[in-house]
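Have a look at the structure below before the remarks.
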Amino acid sequence: MKSEIQNTKKYASNLQAFLSMRGIQAKTTEYEKHLQISIENINHEKVYIESAIDTQLQDILTVERFGSIKVKKSPSTKITLKRRKDRQAQIQVIAPKAIKVEFKRKLDTTCQYPSGCCVTKTGEFLLTNYEGHNGRVIAINAEDKVEYTIPFLARYSTFDIVCLDDSTVAVSTDYSITTIPNTASPWYSYVSTQADNIFCTNPDKHTVTCCLYSGALVWKFKDESVLDRPQGITVDNKGNVFVAGMDSCNVVVISPDGKQCNQILTREDGLDRPTAIFFDKERKKLLVTNQKQFAYIYDVCHF
């Protein structure tokens, strides 16, 4: 297992490493299951070996025995497995109310329907234009100038986008690369990941879901009075989940455990049916695209 992970890190691309994590996690889960069964079904005991030297050893002729060995058994203390996901659950949860945003500037995406966005390590803005026969990826520099565009010929073939490394991006279309068990995503659903968790939105059911790569549910959030038709989703350095509500015209932050939420942006902040959202972990900035052309950039502060 260790060598497999090392080889993946050394030779695989970021996309290959992402896809291989499901297989590695399945193996780990199976090993953990066998170990847990062994702990529950077998009486593990501690064994002590004691030795005693016969005092008559000085007179070798009269020695009946050279010593004795006793083996004692005593029940061991309870064996427990410490899982990484359990340790993560013990990390202090920061309430979403401790997050504040400040408007930085307005960005002209030059897109008719900007549906996806991300920021590269060098600070470039990458956006997708989800338009019939005019699908494309657009790169905008820090001076708000278009650096280049990448056209896509197939209709509606540029939905969301993510940076894999310094020179590679992945663009989602209507086709699936991999399937997570026990999950189903309708049109206009968005996905984000952090550590062992996958976060996805379901605009039809007005839900935000957190699950493992195995498909096991961690938590589900639903409150239509706060978040109506959730679409874009992103996660910050501390595990807080930022979601763009298209029909509620807002951005809501959900705590890492899915139990708390706080509305941080609304229509009064300039939002107009927001679609995509991206948290720039390098610069602590939030990029939010609207259904039409313009996006907004905010500074994010954690208190």
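Any read-out appearing in this document is the output of simple, stated calculations on the displayed coordinates, not a laboratory observation. Note that the structure is a prediction, hence the values are computed from the model and not measured. Cβ atoms come from the backbone with ideal geometry, glycine included; neighbour counts cover every protein chain shown.
Separation of the alpha carbons by more than 28 angstrom is noted, of Lys259/Lys284; Lys222/Lys292; Lys27/Lys72; Lys33/Lys70, for Lys27/Lys72; Lys33/Lys70. Here the calculated FRET efficiency for Gln260 and Ala195, from their Cβ-Cβ distance with R0 = 30 Å, stands at 0.95, rounded to the nearest 0.05. Applying 1/(1 + (r/R0)^6) with R0 = 41 Å to the Cβ-Cβ distance of Met21 and Lys284 gives a FRET efficiency near 0.95. Would you please give the FRET efficiency between Asp272 and Cys301, computed as 1/(1 + (r/R0)^6) with r the Cβ-Cβ distance and R0 = 25 Å, to the nearest 0.05? With a Förster radius of 25 Å, E is 0.55. Once the chain from Lys205 to Ala154 is taken as fully extended at 0.36 nm per residue, the excess over their C-alpha distance is 15.5 nm. Applying the criteria of a DSSP loop state and at most 13 other Cβ atoms within 10 Å to the trypsin sites (Lys or Arg not before Pro) of segment 91-163 yields Lys121, Lys145, Arg155.
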